[in-house]
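The values are calculated or read from the model by the stated rules, or taken from the named source; none is laboratory data. Quick caveat: nothing in here was measured; it's all calculated off a predicted structure. Here Cβ is always computed from backbone atoms with ideal geometry, including for glycine, and neighbour counts include all displayed protein chains. All accessible areas refer to the heavy atoms of the entire protein, side chains included, with ligands and DNA or RNA removed. Shrake-Rupley method; radii C 1.70, N 1.55, O 1.52, S 1.80 Å.
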Amino acid sequence: GIEPIGPQSVVLRGHALPHAAPLLAAVDGVMAQAPLRHLVTPGGFTMSVAMTNCGALGWTSDRRGYRYSAIDPVSGQPWPAMPAVFAQLAGEAAAAAGFEGFAPDACLINQYLPGSRLSLHQDRDERDLGAPIVSVSLGMPATFLFGGLARADKTARVLLRHGDVVVWGGVDRLRRHGVLPLKDQPHPLLGGRRINLTFRKAG
Ligand code: MD3
Ligand code: FE
């Protein structure tokens with residue numbers, strides 16, 4: 001079903017379940033070309049979440065700042081192409097949430113292990129903030145934190161499970177958000193991991 005979590009954000013519970021096997025095969029393919037890495041923030045902290053990307057642009061970070069790049073700084077090569085099953089699911093989920101014609105040019109792949117977390121932040125490195133973000137959760141469950149535009153705003157908690165798809169756009173696009181430290185609750189397909197795909201129009 002469709003579950004609103006904000007004025008212009010919805011959870012599509014279990015929406016990716018029918019596509020889990022091809023999605024995971026495609027994730028393995030991307031990781032073989034562009035291995036997971038722990039990025040360093042401009043402040044000098046190493047992120048507990050491991051990341052890679054596919055699509056024309058990939059999100060990366062180092063001591064010089066956050067940015068989107070067409071080249072994977074680890075391989076010196078372009079990021080792997082966006083698998084068709086990724087683009088298809090993202091476009092179809094966005095349309096189901098009322099955002100027609102979403103054509104992502106970037107997919108950030110986040111891997112969480114027990115204890116990995118993502119502190120509250122805003123996503124504002126994308127050129128077109130009118131485009132939504134679509135996220136797909138796979139593997140172990142996570143508690144997603146959804147705050148407001150201001151640091152002082154209260155945060156709501158949303159449990160995201162294997163197969164859940166979330167679409168965030170419009171007035172919710174710049175809300176602060178994060179992920180609580182992952183508990184160890186092994187998943188039958190993925191074991192002790194959570195994989196999150198976030199689809200963006202970055203360029
Ligand atoms: C709400 N990832 O990669 S996905 C991120 O579960 C990120 O890995 C989290 O936050 C994760 O930047 C959450 C959902 C998400 C992504 C972007 C958003 C929610 C968002 C941008 C605006 C509002
Ligand atoms: Fe984010």
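Which is the longest run of the chain containing none of the trypsin sites (Lys or Arg not before Pro) found in DSSP loop states (not H, G, I, E, B) with at most 13 other C-beta atoms within 10 Å?
Segment 1-62 is the longest.
Quick one: among V27, V85, V11, which has the greatest mean-square fluctuation in a GNM of the chain with alpha-carbon springs under 10 angstrom?
Top of the fluctuation ranking is V85.
Only Cα pairs within less than 10 Å get springs; with that Gaussian network setup on the chain, which residue of A26, A150, A50 has the largest fluctuation?
Among A26, A150, A50, the largest mean-square fluctuation in the Gaussian network model of the chain belongs to A150.
On alpha-carbon atoms, Rg over Rh for the stretch 1-47 using Kirkwood Rh?
Looking at the stretch 1-47, the ratio lands at 1.18.
Dipole magnitude of the chain about its Cα centre, charges +1 at Lys/Arg Cβ and -1 at Asp/Glu Cβ only, in debye to the nearest 20?
640
How long are the semi-axes of the ellipsoid equivalent to the stretch 24-144, from square roots of 5 times the Cα gyration tensor eigenvalues, in whole Å, largest first?
22, 17, 16
Hey, got the dipole for the stretch 74-165? About the Cα centre, +1 on K and R Cβ, -1 on D and E Cβ, debye to the nearest 20?
So the magnitude is around 460 debye.
Roughly how many nanometres apart are two label points built 7 Å out from the Cα toward the Cβ at S119 and V171?
About 3.0 nm separates the two model spin labels.
Could you give the accessible area per residue of the chain, probe 1.4 Å, as a whole number in Å²?
46
Could you identify which residue out of F86, F45, F102 has the top mean-square fluctuation in a GNM of the chain using Cα springs shorter than 10 Å?
So, out of F86, F45, F102, the one fluctuating most is F45.
What is the ratio of the Cα radius of gyration of the stretch 2-79 to 2.2 N^0.38 Å, where N is its residue count, to two decimals?
Relative to the 2.2 N^0.38 Å estimate, the stretch 2-79 comes out at 1.36.
Let me see the P(r) profile for the stretch 119-203: every Cα-Cα distance counted, bins of 5 Å, each bin given as a percent of all pairs.
With 5 Å bins starting at 0, P(r) equals 3, 14, 23, 24, 18, 11, 6, 1.
Can you compute the helix-only [θ] at 222 nm over the chain? Use -39500 (n - 2.57) per DSSP H run of at least 4 residues, normalise by all residues, nearest 500 deg cm²/dmol.
One gets -4500 deg cm²/dmol as the mean residue ellipticity at 222 nm.
Projected area of the chain, taken from the Cα convex hull and averaged over every viewing direction, in nm²?
Averaging across all directions leaves 10.4 nm² for the Cα convex hull.
Can you compute 3J(HN,Hα) from phi for each residue in the stretch 12-26, using the Karplus curve 6.51 cos²θ - 1.76 cosθ + 1.60 with θ = phi - 60°, rounded to whole Hz and x for Gly and Pro?
Once rounded to whole Hz, the list reads 9, 5, x, 4, 8, 3, x, 10, 4, 5, x, 4, 5, 5, 5.
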